[in-house]
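Worksheet: one structure, shown below.
What follows is calculated from the coordinates using simple rules that are stated; it is not laboratory data. If you're wondering where the values come from, they're calculated on a predicted model, not measured in any experiment. Note: ideal-geometry Cβ built from the backbone for every residue, glycine included; neighbour counts use all protein chains shown.
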Ligand code: SF4
C-alpha cells in the first residue's frame with residue numbers, strides 16, 4: 001500500500017497522471033576515443049601500478065601459465081571456471097582448486113586460499129579497471145575473498161574506458177545479475193585518511209596481459 | 001565629450017568608506033567619462049534578501065530600479081552588490097512580468113568596477129603607481145556569481161611599482177556574509193582568522209579586493225589581531241599616483 | 001537559532017585538535033578533487049556536469065515513470081521492489097523478512113539512507129544483530145555516533161580514539177598503528193560476513209532500464225555484503241533512479257572524482273536481481289527498498305526539487321568554509337554541510353532548526369563543485385524566505401522583522417537615509433581615524449556587540465560619500 005501511496009504523492013507533486021508519457025531523456029553521452037592497442041596496454045599497466053597493483057605482460061598463453069605458476073608457488077590458490085584459464089593451462093596447475101560450482105564449497109575454499117585467479121571479461125585502460133561479469137565461468141567470490149587476486153586478460157579485451165564498455169554492453173543486466181568493476185586493490189582511508197590496502201577485499205591485485 | 005556613467009556607490013561605501021567612491025569616480029573621470037551620482041540612491045536590498053525578508057528586499061530593489069532607470073551605464077565598487085542586481089533581482093520578481101522586464105534591462109547596464117574598466121572601457125593600464133607588495137582577495141560573489149578573476153589581476157599588473165603575491169587560497173571566503181557576520185559571529189571570526197593567515201603568509205603589506213564588505217571584515221580581523229597589514233579597494237589602488 | 005546549534009558550533013570551534021583534523025582532512029579531499037577535475041585531466045568535466053544535471057532534472061521531473069520502469073525491470077530479473085514511506089516501514093519489512101527466514105545476523109554496508117531511518121537501532125531493538133562493515137561506519141557504530149561526513153564518516157576520529165574504542169569494545173590488545181587497527185576490523189568483520197543471513201546495502205544509482213542498482217565503494221565490504229549472504233536488500237531513496245545503464249558512464253566519472261579525488265572508486269557493483277541459473281554464487285533473494293521518508297515533500301517546488309539531484313559525493317562539504325569550521329556533528333540531522341543545510345529543513349520542516357539556512361556566508365563554493373550542479377546557495381536563500389514565512393505565521397522574531405521593515409522604509413526615503421546615517425556618525429566613537437576595538441557599554445548591544453566580539457570596526461567618516469560629492 002505504501003507503493004500506491006508514494007507513487008500517488010509523486011504524481012500529485014509533479015502534476016502528472018498515472019501512465020502519462022514522458023519526453024525523451026537527454027541523449028546518451030558516450031565518447032569512445034581512438035587508442036592504439038599498444039597504448040592501451042601501456043596505459044592499463046600504468047594505471048594499475050599507480051594504484052599499487054602489479055602488472056605483467058606475457059607474449060603467449062603458455063607464458064601466462066608460467067607466470068601464474070611462479071606467482072602461486074608455495075601458496076594455495078583457487079581458479080574461477082573461466083574457459084580462458086583452462087585454455088592457458090592455469091586451471092590445471094598443481095595446487096590450484098577449480099571447477100567448483102557449489103556456493104558453499106566455493107565460499108569455504110575462497111575463504112581459505114591465498115590467491116584467487118580469474119580472467120576478466122574486459123579491462124578499461126583509462127582507469128586500470130577489470131570488468132568481472134558473474135556467470136557459470138566467473139564467480140563473485142574468487143576475486144573477493146582471498147587476500148590476493150590475479151586476473152589473466154587477453155589483450156583484445158582491453159577497452160578504452162567506461163564509454164566503450166557501455167557502448168558494447170548497453171544493458172549488462174541482460175546477461176548477468178552482477179557486473180563488478182575492479183580498479184586496484186581494496187583500500188580504506190577511514191582512519192586519519194591514511195591509505196591502507198586490503199581492508200575487506202584483496203590487498204594485492206595482479207593483472208596479467210596476454211599478447 | 002566622454003560617455004556618461006552613473007555611480008552606484010553602495011550604502012556601505014556611502015556611509016563607511018566614502019574614499020572608495022571618490023577614488024572610483026577619479027579613475028573613471030581620468031579615463032574621460034562624465035560621472036554622475038544619482039542622489040536618490042541608497043541600497044540594493046541585499047541585506048533584506050539574504051536575511052529572508054523578500055518582500056522588504058523587493059521594495060528596496062524597486063527603488064533601485066527607479067533611481068537608475070535613466071542611467072546608461074552604472075558602475076559599482078562591489079561584486080556582491082552588482083551580483084544582487086544582475087543575478088538576484090530577477091528571482092524577486094518572478095511573479096511580476098513588467099518589473100522583470102525592467103530588471104533584465106537593468107542587468108545589462110550594471111557593471112562591477114574592475115570589469116567595467118577591462119571589458120567596457122577596454123583599459124588595463126590606468127596610469128596608476130603604487131610602490132607596494134599587495135595580495136588580492138577574491139570576493140565570493142565577484143568570483144563565483146560574476147566569474148571575475150582575471151580582470152582585477154590584469155589591472156593590478158599594470159600598476160607601476162606594485163608587486164602582486166597570490167595568497168593560498170585566494171578564493172576562500174573571508175567569513176563576512178552580511179548578517180551572517182553578526183548572527184554567527186564566532187564562526188565568522190574563525191573564518192576571518194583563516195583568511196588572515198593566508199594573507200600574512202604572503203608577506204604583503206596590503207590586501208586588495210573589489211568588495212568593501214570583505215575588506216571591512218578582513219581589516220577588522222587584522223586590526224583585532226594587531227597585524228599591520230592594510231586593506232584597500234582596487235579603486236583606491238588605481239587612483240594612486 | 002536553537003541554543004543547541006549555537007553550543008555545538010561553539011564547542012567545535014573551541015576544540016583545537018578537532019579544528020585541525022577537520023580542516024586538514026577536508027582540505028586534502030578538496031585538493032584531490034581539484035586535481036582530477038582539472039581541464040588537463042578531464043577536459044569534458046563541465047560537459048559531464050551539464051549532462052548529469054540534465055539527466056537528474058529529467059528523472060526527477062518524471063519520477064513516477066522511472067520508478068515504475070525500474071520496478072518492472074527488477075521484477076523481471078526475479079527481484080522485488082518494496083516501497084517504504086518511513087522508518088517504520090523499512091524496519092517492519094526487514095524484521096518481517098528476517099523472521100520468516102529465521103535470520104539473526106545482518107551485515108550492512110554504508111548507507112546514508114539507512115542512517116536517516118536509524119535502521120540499526122530499530123533492528124537491535126528487536127534482537128537482530130546488524131553490523132556496519134565499512135571501516136569508518138564500524139568505528140562509529142562501536143562509538144554510538146552519527147557519521148561526521150557523508151563520505152568519510154569517521155573523519156573526526158584519530159587513531160588513538162579508534163585504539164581506545166577497539167580495546168574497550170572488542171577486548172583486543174591496544175594497537176595504535178592504523179594498518180593493525182584495520183586488520184583487527186577485517187578479522188572481526190570477515191567472520192560476520194561468512195555467517196550473516198542478510199546483507200543490507202545502500203545504492204548510489206537505481207537504473208531504470210536494467211532494473212539494477214549500482215553501488216560504489218573502495219573497501220570491498222559492499223561486494224561482500226551483496227554476495228556472501230543469501231539475501232541482499234538494497235535501501236535507497238526514491239530520487240536515486242537514473243534512466244539508463246549507459247548514463248553510468250557519466251555519473252561514475254563524476255562521483256569518485258568529486259567524492260575522493262579518485263578516477264573511479266575501487267569497486268563498482270552493478271547488481272540486477274538474485275543469482276541466476278548457472279551462476280556460481282550470489283544471493284538467492286534480492287530486494288530493493290525505495291524510501292520516501294519526506295522526499296515527496298521536496299517535489300512540488302520546481303527549484304527546490306533540485307535538492308533531490310544529489311549523488312552524495314560530499315564535495316560540497318569539503319569546499320564549504322563553514323563545514324570546515326563547524327564539522328559534521330554541529331548539524332541537526334544526519335546530513336551535514338551544504339547539502340544537509342538544504343535538505344534538512346525540507347525533510348524535517350524549517351522550524352526543526354530555523355538557524356540552519358542562515359549558517360552560511362553564501363560564498364557559493366558548494367554550488368561551484370557540485371557535480372550535478374545543484375544551485376545550493378539559491379536554495380538556501382529560498383529556505384531563508386521560508387523560515388521568515390513560518391515565523392510570521394507563528395508570530396516569532398517580530399523585532400527583526402520590524403527592523404527590516406524600517407530598513408526598507410529608510411532605504412526608499414533617501415533624505416531619511418542620509419539623516420539617519422549622519423546621526424549615527426555623530427554619536428559613534430571616532431577612534432581618531434583608527435579602527436575601533438570597543439564602544440561604550442550602552443551601545444554595545446545587538447549586531448554591534450556581535451561584530452566587536454570578533455573584530456574591530458571602522459571609524460565612521462566625518463562625511464558620507466554624498467556629502468563629499470556635493471562639496472567637491
Ligand atoms: S549537493 Fe552536490 S556536491 Fe553536495 S553531496 Fe550532493 S552531489 Fe555532492
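Structure notes:
- Antiparallel bridges, percent of DSSP beta bridges restricted to the protein assembly as shown (to nearest 5): 25
- Using a Förster distance of 60 Å, the FRET efficiency for residue C:303-residue A:62 (Cβ separation, nearest 0.05): 0.40
- Angle of helix A:61-72 to the longest C-alpha principal axis of chain A, folded into 0 to 90 degrees and rounded to 10: 80°.
- Taking a ≥ b ≥ c as the square roots of the eigenvalues of the alpha carbon gyration tensor, chain B is oblate, as a/c is not under 1.5 and a/b does not beat b/c.
- Value of [θ]222 nm, deg cm²/dmol, for chain B, DSSP H segments ≥ 4, -39500 (n - 2.57) each, nearest 500: -12500 deg cm²/dmol
- The angle between the Cα long axis of helix A:103-112 and the main principal axis of chain A comes to about 50°, on a 0 to 90 degree scale.
- Distance from the Cα centroid of the range A:126-195 to that of the range C:198-227 is 14 Å (rounded to whole angstrom).
- Centre-to-centre, using Cα atoms only, the range C:84-158 and the range B:10-52 are separated by 56 Å.
- Modelled spin labels at residue A:32 and residue C:47, positioned 7 Å past Cα toward Cβ, are 1.7 nm from each other.
- Spin-label model, residue C:188 to residue C:76: label points 7 Å out along the Cα-to-beta-carbon direction sit 4.4 nm apart.
- Residues listed by number, the range B:66-82, amide nitrogen under 17 Å from residue B:105 label point at 7 Å toward C-beta: B:66-74
- Shown for A:119, A:17, C:330: other C-beta atoms within 10 Å of each C-beta, ranked fewest to most, produce the order A:17, C:330, A:119.
- Packing here is the average count of other Cβ atoms within 10 Å per residue, and on that basis the peptides A:149-161, C:107-119, highest first, run C:107-119, A:149-161.
- Set of the range C:401-430 residues, backbone N closer than 16 Å to the point 7 Å along the Cα-Cβ line of residue C:467: C:415-430
- Anisotropy class of the protein assembly as shown from Cα gyration tensor, a/c 1.5 cut: prolate
- Only helical runs count toward this figure. For chain A, summing -39,500 (n - 2.57) over DSSP H runs of n ≥ 4 and dividing by all residues gives -8500 deg cm²/dmol at 222 nm.
- Protection proxy ranking of C:407-416, C:215-224 - average other beta-carbon atoms within 10 Å, highest first: C:215-224, C:407-416
- Peptide A:129-142 - average C-beta neighbours from other chains (10 Å radius): 5
- Degrees, to the nearest 10: A:2-14 long Cα axis against longest axis of chain A: 60
- Peptides A:45-56, B:108-119 ordered by packing proxy, namely the average of other Cβ atoms within 10 Å per residue, highest first: B:108-119, A:45-56.
- Of all DSSP beta bridges confined to chain C, the antiparallel ones make up roughly 25%.
- In plain terms, the residue of C:443, A:179, B:106 with the fewest other Cβ atoms within 10 Å comes first and the most crowded comes last, giving C:443, B:106, A:179.
- For chain C, the mean residue ellipticity at 222 nm estimated from helices alone is -15500 deg cm²/dmol, where every DSSP H run of n ≥ 4 contributes -39500 (n - 2.57) and the total is divided by all residues, rounded to the nearest 500.
- Stokes-Einstein D (µm²/s) once Rh is taken as the Kirkwood radius of the range B:19-150 over alpha-carbon pairs, at 25 °C in 0.890 mPa s: 154
- Three-way shape call for the range C:405-471 based on the alpha-carbon gyration tensor, with the a/c threshold at 1.5: oblate
- Taking all pairs of distinct alpha-carbon atoms in the range C:62-293, Kirkwood radius in angstrom: 18.1
- Take every DSSP beta bridge whose two residues both sit in the range C:62-293; close to 25 percent of them are antiparallel.
- Peptide C:335-342 has a mean of 0 when you count, residue by residue, the C-beta atoms of other protein chains within 10 Å of its C-beta.
- For the range A:31-210, the fraction of alpha-carbon pairs in successive 10 Å shells from zero, as %: 10, 38, 37, 13, 1
- What the Cβ-Cβ distance of residue C:124 and residue C:177 gives, at R0 = 41 Å and to the nearest 0.05, is a FRET efficiency of 0.85.
- The separation of the range B:180-241 from the range B:80-136, counted between C-alpha centres, amounts to 22 Å.
- For the residues of B:10-16, the average number of beta carbons from a partner chain within 10 Å of their own beta carbon is 6.
- Calculated FRET value between residue C:389 and residue A:54, using beta carbons and R₀ = 60 Å, to 0.05: 0.45
- Placing pseudo-labels 7 Å out from each Cα toward the beta carbon at residue C:413 and residue C:443 gives an inter-label distance of 2.4 nm.
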